[in-house]
Amino acid sequence: MLRNSADSWGTIAKNFHWWMAALIFAQFALGPMAANWHLSPTKLQLFIWHKSIGMLILVLLVARLWWRAASVTPALPDAMRAWERRAAQASHGLLYALLIALPMSGWVINSAANIPFRIFGLVRLPAITQPDQEAAELFERVHVGLVIVLVLLLVVHVVAALRHHFVKRDAVLARMLPSMRLPAG
């Protein structure tokens, strides 16, 4: 089932979710590794990968949001309380906002630091601000702060999914898992 249904996410939505999750977790390793590596060609390669994957996440997010807007969104379980529904919507909105803000803040850092960059060594990323070392340093702090918020929000996201599965025993988690098939009916 490629498309979403009223009861479950389709293959396309699941692929967006899990590929982006894998890329985000790769970023959690690449970012600190690149920042803390000694100055060398390896450090530069780590940053190229980190920045390139950040831009890939941004492109995937735009595609994912387009797909979500063009598709049916599976209904939340009837047993969910109103505050739980609002919290789910707010947390997803914040996740999407962070997944836009993080690559954009990285792009500002790169531009303000006056570092030419090609995504995966192929596509030139134009500067979006003038060189400004103070702005680069400010946006580095903003970028790190956004990462911390993202980590915390992802912990909440995973705990909520596990709560749905193991405590509430509903299909919220199962319908997003790639190998799970929900019974018909």
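A short reminder: the numbers here are calculations on the coordinates, not readings from a lab. This structure is a prediction, so every number in the text was calculated from the model and none was measured. With ideal geometry, Cβ positions are generated from the backbone for all residues, glycine too; neighbour counts draw on all protein chains shown.
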* Check on A75, closer than 23 Å to A6 by Cβ, more than 18 Å from the chain's Cα centre (by Cα) and of a type in the set (G, A, S) -> yes
* Asked: When both residues are 6+ apart or on different chains and their Cβ atoms are under 6 Å apart, which pairs have a first residue that lies in the range 135-154 and is under 16 Å from P103 (Cβ atoms) and without any contact (Cβ under 8 Å) to a residue 60 or more places away in the chain, and a second that is assigned to a helix (DSSP H, G or I) and among the hydroxyl-bearing types (S, T, Y)?
  -> F139/S105; V142/S105; H143/S105
* Asked: Could you give every pair whose Cβ atoms fall below 7 Å, whose first residue belongs to the range 86-112 and is in contact (Cβ under 8 Å) with a residue 12 or more places away in the chain, and whose second residue is surrounded by 14 or more Cβ atoms within 10 Å (Cβ to Cβ) and outside any helix (DSSP H, G or I), counting only separations of at least 6 or pairs across chains?
  -> A88/L76; W107/L125; V108/T129; N110/F117; S111/A127; S111/T129; A112/T129; A112/D132
* To do: Run L39 past the list (1) closer than 30 Å to K168 by Cα; (2) not polar (S, T, N, Q); (3) not in a helix (DSSP H, G or I) and report the number of the one that doesn't hold.
  => (1)
* To do: Please enumerate the residues belonging to the range 117-131 that are within 16 Å of G54 (Cβ to Cβ), not aliphatic (A, V, I, L, M) and not in a strand (DSSP E or B).
  => F117, F120, G121, P126
* Counting only residues that are surrounded by 18 or more Cβ atoms within 10 Å (Cβ to Cβ) and out of contact with any helix residue (DSSP H, G or I) (no Cβ under 7 Å at 6 or more places or on another chain), which one in the range 105-134 is nearest to F16 (Cα to Cα)? -> W107
